[in-house]
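Working notes, beginning with the structure itself.
The values are calculated or read from the model by the stated rules, or taken from the named source; none is laboratory data. Not measured: the values here are computed from a predicted model. Backbone-built Cβ (ideal geometry, glycine too); neighbour counts: all protein chains shown.
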Amino acid sequence: MQGTDLASTLVSTFEQHLEGVLQYGLSVKDTNKRAINFYKKMGFQLEKEENHSFYLIKKLS
Ligand SMILES: CC(C)(COP(=O)(O)OP(=O)(O)OC[C@H]1O[C@@H](n2cnc3c(N)ncnc32)[C@H](O)[C@@H]1OP(=O)(O)O)[C@@H](O)C(=O)NCCC(=O)NCCS
């Protein structure tokens, strides 16, 4: 299902259920270029890099 917009629909639907949450985060292996590009496209920003992983956060308004 990659490249079909299913992943962005899942993320958007998840965020709709985060009432009152200001930000959330996740980690991704630094070699997972597709996922990193996806998360950047979804508005995540780099928080820190550690142990071959990127820790990303997304601020919600
Ligand atoms: C990560 C994942 C959820 C992203 O969903 P997706 O449907 O593949 O994402 P997209 O097709 O929208 O791609 C996102 C961006 O990555 C980039 N991209 C696409 N194919 C790529 C590739 N082969 N290599 C690197 N970057 C790529 C593009 O910039 C794309 O943005 P664009 O559509 O504006 O061009 C999905 O690929 C997945 O389930 N991967 C396997 C599991 C995984 O890695 N999960 C994350 C664990 S942290």
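Worth a mention:
- Residues of segment 20-61 satisfying the condition of being surrounded by 12 or more Cβ atoms within 10 Å (Cβ to Cβ) and part of a helix (DSSP H, G or I): ALA35, ILE36, PHE38, TYR39, LYS40
- Per-region count, segment 1-19, residues loosely packed, with under 11 Cβ neighbours inside 10 Å and at pLDDT 95 or above: 11
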